[in-house]
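Peer 1: Handing you a structure now.
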Amino acid sequence: MTSQKAAANDFPKIDSHIHLYAASHIPSLRWTGGLDEQHVLNRQCSVEEYKLATQHDNTVQGFVFLETDRKSDLGQDHWQNALDEVDFLVRVAKGTPRDGEGHQSVDAKLVLAIIPWAPVAAGERLLATYVDRVRQQCGEEFDLVKGFRYLLQDKPSGTMLQHHLIEGLQWLGKNDFTFDLGVDARSGGLHQLEEACEMMDRVYEEDSGLKIIINHFCKPNLRLSPDEAFAGHSEFIKWKQCIERMARHRSAYMKLSGFFSELPPQTSDMPSNISIIAEHMKPWVDVVFAAFTPRRIMFGSDWPVCNVGGPSIKSSWPHWRAVVEAILESEGLDVEEKAMIWSGTATEAYGIRPTLSGL
C-alpha cells in the first residue's frame, strides 16, 4: 500500500459530525418550522437511517453526535428540549431504545462522543448548573459527553464578544470540555468570522485549555468559482485571513464537513462528478490544510444535513466520503496524514476511547 494510493476503505473512520432525531422529536427542532412535508430533513433521521446511509462502508467505527438545534434558550425554564435530547442520546448509548426511536441495543457501541447543547452564553454559574443537570441525567454515560455546542451562526452581532460567553467558554476549558463553533460566513456574513476570531483571541488570553472545534470550514461562500477565489476575490481573501488567524491557536481544530448544503444542489439522476467537486473546493481546502495541517483536521459527514444538496438520502453519505477521499488525494497526503483525517484527529480532539466496534 503506497502512501498516495491508500483508499478510503483502508482506514478506520470516525464520523465526527452527525445529528440524530426520531420523527416524534421534529416539533422540538428549531429549524423545521418552514420545511414542507417532503423535505429530506422532515422525517426520522435516527441510527437506523444512518446505518442504511453508511452500510457500504464497514470501516466506520462510530460517530460524534452534535446537538440538533432543539428549541431552547439561556434561562433554566427553556432547557427542557435540550435535556430531552440528552435523554435520547443516553438511551442510544445504553442500548435501551423506546418504540419508534430508530435504534437498537446493538447500536450503543457506535456512540463515541456526545456534544449536547449548553447555555454557554449565560455565563459560568448557569452553565455549571446546566452541566450538572446533564451529568445527573447521563449517569455512567456522562463519560461520553466530551463537550458542548451553543450555535452562534444565528445569534445577533456582538454575541460572541459578550463577557458571559467568554466566561462560559473559559469555564468549559477549565473543566476539560470542548466547544464546537458553528458560524456561517456566507449566510451570516463575514463579520461573523471576524467576531469569532476576536472571541477566540479573548478566550485564549487566559490559559483555559479549551479545544475549539470549528464546524464546516465556517461555511464559506462556495458560490464563488475557483478562478474567482484564486484571483483574490475580496470575500475569499477575508475568509482566508480569518481561517489563518483561527489556526494560530494550537487548541483549535477544523471539521472537513458540511459542503453539500453550500454547493449547487444535486439529484440522484444528476450527482455531481467527484473530481469536479474536489476541484471546485481546492482554493478553500488548500487554505485550511496549510493553516491547520492534517493533525488538526477531521472528517465529518454532517449527516443528515448532507442530504440537503447531496444526490439522495441513500447516496449522499457515500458521495461525500468519496469527495473527501478525492480531496485527500489532491492534497498529496501520506498514509499517516490520511489516518489523522479519517479518525486520528477526532480521537485526539474529543478524547475518544479506543474502539474496535463498527457498523
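Peer 1: Among the helices (runs of 4 or more DSSP H) confined wholly to the range 297-359, which include 2 or more residues that are among the charged types (D, E, K, R) and touching a Lys or Arg at 6+ places or on another chain (Cβ under 9 Å)?
Peer 2: 316-330
Peer 1: From the list Ser261, Ser257, Ser312, exactly one residue is of a type outside the set (Val, Ile, Thr) and in contact with a strand residue (DSSP E or B) (Cβ under 6 Å, 6 or more places away or on another chain). Which is it?
Peer 2: Of the residues listed, the single one that is of a type outside the set (Val, Ile, Thr) and in contact with a strand residue (DSSP E or B) (Cβ under 6 Å, 6 or more places away or on another chain) is Ser257.
Peer 1: Select from the range 126-165 the residues that are surrounded by fewer than 17 Cβ atoms within 10 Å (Cβ to Cβ), under 22 Å from Val64 (Cα atoms) and under 21 Å from the mean Cα position of the chain (by Cα) and list them in ascending order.
Peer 2: The answer is Phe142, Asp143.
Peer 1: I'd like to check something: does the range 97-107 contain any residue that is of a type in the set (S, T, N, Q) and either open to solvent by less than 10 Å² (accessible area, probe 1.4 Å) or under 22 Å from the mean Cα position of the chain (by Cα) (or both)?
Peer 2: Within the range 97-107 (the criterion being of a type in the set (S, T, N, Q) and either open to solvent by less than 10 Å² (accessible area, probe 1.4 Å) or under 22 Å from the mean Cα position of the chain (by Cα) (or both)), the answer is no, since none of the residues qualifies.
Peer 1: Then there's this: Which count do you get for residues in the range 309-332 that are surrounded by fewer than 24 Cβ atoms within 10 Å (Cβ to Cβ), without any contact (Cβ under 8 Å) to a residue 60 or more places away in the chain and of a type outside the set (D, E, K, R)?
Peer 2: Total satisfying the criteria: 7.
Peer 1: Quick check on Asn58: is it of a type in the set (S, T, N, Q), open to solvent by 10 Å² or more (accessible area, probe 1.4 Å) and under 17 Å from Ile352 (Cα atoms)?
Peer 2: Considered against the rule, which asks whether it is of a type in the set (S, T, N, Q), open to solvent by 10 Å² or more (accessible area, probe 1.4 Å) and under 17 Å from Ile352 (Cα atoms), Asn58 comes out as no.
Peer 1: Failed condition for Cys218, given (1) under 21 Å from the mean Cα position of the chain (by Cα); (2) open to solvent by 20 Å² or more (accessible area, probe 1.4 Å), with all others met?
Peer 2: In the conditions (1) under 21 Å from the mean Cα position of the chain (by Cα); (2) open to solvent by 20 Å² or more (accessible area, probe 1.4 Å), Cys218 misses (2) alone.
Peer 1: To continue, here is another question. Where residues in the range 288-308 are of a type outside the set (Val, Ile, Thr) and farther than 30 Å from Arg43 by Cβ, which of them is most open to solvent (accessible area, probe 1.4 Å)?
Peer 2: Arg295
Peer 1: Which one of these is more than 23 Å from the chain's Cα centre (by Cα) and open to solvent by less than 20 Å² (accessible area, probe 1.4 Å): Gly123, Gly168?
Peer 2: Step by step, each of Gly123, Gly168 is checked, and only Gly123 is more than 23 Å from the chain's Cα centre (by Cα) and open to solvent by less than 20 Å² (accessible area, probe 1.4 Å).
Peer 1: Got a sec? Which of Leu89, Leu74 is open to solvent by 10 Å² or more (accessible area, probe 1.4 Å), more than 23 Å from Tyr204 (Cβ to Cβ), of a type in the set (A, V, I, L, M) and at pLDDT 95 or above?
Peer 2: Leu74
Peer 1: Another question, if that's okay. Could you please find all residues in the range 264-301 being at positive phi and among the basic types (Lys, Arg)?
Peer 2: Across the range 264-301, there are no qualifying residues.
The values are calculated or read from the model by the stated rules, or taken from the named source; none is laboratory data. Here the structure is a predicted model, which means the values were calculated and not measured. Please note: Cβ atoms are built from the backbone with ideal geometry, for glycine as well, and neighbour counts cover all protein chains shown. Only protein heavy atoms, including side chains, enter the accessible area calculation; ligands, DNA and RNA are left aside. Shrake-Rupley method; radii C 1.70, N 1.55, O 1.52, S 1.80 Å.
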